[in-house]
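Comments concern the structure below.
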Amino acid sequence: MTEGFRHAIAINADKCVGCVRCMTACPTRAIRVREGQARVLNHLCIDCGECIRFCPYNAIDSRTTSFSDMNAFKYKVAIPATVLYGQFGNAVMPNEILAALRRAGFDYVYELSTLCELHTGAFDEYLVQHPRPRPLISTTCPVVVRLIQRSYPSLVELLVPMEPPREVAAKILRSTLPSSLNLKPEEIGIIHITPCPAKIVSINDPLTMHRSNLDGAISIRDIFPPTLRALRQNERDAIMHHLFPETVISGLGIGWSLSGGETRGLRDHRTVAVSGVRDTIHVLDQVEAGLLKDLDFLECMVCPDGCVGGPLAVENRFVAKSRILRLINLAGEKSAHARPEDSIQFHKNFLSFQQPIPPAQPPLLDSDPVKAIQMAAQRDEISRRLPRKDCGACGAPDCRTLAEDIVRGWARFEDCPFMGKEAP
């Protein structure tokens, strides 16, 4: 399923009415509305899912792994994001959800919260060993990584070079399951259960490794119905006690599904957690301007309230957040693993990137530098003549973007309804 890069966002032409809601919500100006249809510019899209969140007509689909894709594997493993624990009722415990996933079609389910806690310890050790530069930025959210790579290339060096828990879990399973099951590696499918579309992109086109250890990502929306049906079955007790007899749930790890979850365990460092794509961009602007050097660690999540607010989740994020907080209180925030040196060894042996994240070059107006300068001057002149209402009626998110589209040949001056048919 990792057959080269593809974006997770797709416009459903049968449902799209060209209302421009997605276009105005897009933080990277990657959507245009032309001839009554929204269209995604792949070179600008970071798969944040804001368009999914704001579309009132459910006209934007997310390409994730399907159940039919899983049939290619003899043995199927699920690695659910801890946000899944907040999608069901207050009476449903994590172990019940893990057991239900197995009844829904998986042969094995990996509980991720303790691994998240180990990551917190590894972050702590990394911050001690690397006092400069500051602030270091978490790489857990793949949208933040791509946003920095494309829009803030000077900040790439601040990204903590550690793979996220989902990838590390898959790496551990890749190294142990084939021999224990007497199966070929390609016969084992390791699937992440995700609340956001960007995870499938990070699997299909990983920036920090040659090939992802994961085979795909199923959305919480897709896995929710069969899991709910499995939860309602009466046969759960025997399976639960035998399938997960020693499963330890980490309160610190479960907290990773909420904004501030990564920083909660970093008690001796100056940290800030921010969520929501607009606030994330605002804070990254400040980091780029050199205003936040007194911070040690910055956790950015583009979804509101963190992964619990992912566009592919099912439950209202406020309700889900309440359930996650309840589970944290039940599990407690004491460490679920005994020795702090575990995190140090864990960091050294499992987390490091295979390759650094390369800064992306901004899209040029033209490959010829002289022509690009001329086009930039033309863009600025057209932008000055436009009304600067940024209404979106032209099919571009703002007047300056329309001006750039015009010089690229993607739009016409008369697309602006306020300018009539006046020639540039």
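None of the figures in this text is laboratory data; all of them are computed from the coordinates on show. Remember, predicted model here, so these are calculated numbers, not experimental data. Methodologically, a virtual Cβ is constructed for each residue, glycine included, from the backbone with ideal geometry; neighbour enumeration extends over all protein chains shown.
Pairs of Cα atoms in region 369-424 fall into 10 Å distance bins, from 0 up to the last occupied one, in shares of 27, 59, 13, 1 percent. Taking trypsin sites (Lys or Arg not before Pro) across region 4-71, the ones in a DSSP loop with at most 15 further Cβ atoms lying within 10 angstrom of their Cβ are 6, 15. For a quick check, take a GNM of the chain with Cα springs below 10 Å and name the residue from 332, 310, 260 with the largest mean-square fluctuation. Of 332, 310, 260, the Gaussian network model singles out 332 as fluctuating most.
About the centre of its Cα atoms, region 1-62 shows a dipole size close to 220 debye [charges on the beta carbon of Lys, Arg (+1) and Asp, Glu (-1) only; nearest 20 debye].
Normalised by the number of residues in region 369-424, the average gap of Cα pairs under 8 Å and 6 or more apart makes the relative contact order 29 percent. About the Cα centre of the chain, how large is the charge dipole given +1 on each Lys and Arg Cβ and -1 on each Asp and Glu Cβ? Please answer in debye to the nearest 20. Dipole size: approximately 660 debye. Of the peptides 198-210, 315-327, the order by per-residue mean of other Cβ atoms within 10 Å, starting with the highest, comes out as 198-210, 315-327. In units of the rule-of-thumb radius 2.2 N^0.38 Å, the chain shows an alpha carbon radius of gyration of 1.04. Magnitude of the charge dipole for region 172-234, about its Cα centre and with charges confined to Cβ atoms of Lys, Arg (+1) and Asp, Glu (-1), is about 220 debye. Show log10 I(q)/I(0) for region 1-62 at q = 0.12, 0.20, 0.23 Å⁻¹, two decimals, from a solvent-free Debye sum over equal Cα scatterers. Computed log10 I(q)/I(0) values: -0.25, -0.68, -0.88.
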